[in-house]
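Have a look at the structure below before the remarks.
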Amino acid sequence: MTKKEIVKQISERAELTQQQTKQIVQWTFDAIIETLLQEKRIELRNFGVFEVKLRKSRKARNPRTGVRVDVEPKYVVTFQPGKKMEEHVRQLANGLATGAPPTLNDADEDSSDDSPPSKPKSDGKSDSK
């Protein structure tokens, strides 16, 4: 899935234009990056934790030539999924056995979710296709 597809999905659900939604999504990504740069960690409940960590220097091998090279230390971003995401992924794995992976809407919704309820469509059109 691309950012464009995320924007389209959210704009339809929130009944906003794609341009408005694109700006909000970009602000969200910018806020995550800014927080990581300043605080080195951001926790998004039920989603996961992004953290900036220092990877130590190490010896590696060039796969083409086989020559050993020194890799300098560098900062990397790590991600640890939250419980809710882990549960959804586990259900996806269980769905492989049955042949029908569940969707996010099939899982139990957390009542403490801060997102606004979805608005019904006012154009009178049916959602069935």
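Any read-out appearing in this document is the output of simple, stated calculations on the displayed coordinates, not a laboratory observation. Computed from a predicted model, the values in this text were never measured in an experiment. Because the Cβ atoms are built from the backbone with ideal geometry, glycine has one as well, and the counts that use them run over all protein chains shown.
Quick look at the numbers
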| quantity | calculated |
| --- | --- |
| Taking 24, 42 and counting other C-beta atoms within 10 Å, the order from fewest to most | 24, 42 |
| Rounded D (µm²/s) - region 19-98, Kirkwood Rh over Cα pairs, Stokes-Einstein at 10 °C, 1.306 mPa s | 100 µm²/s |
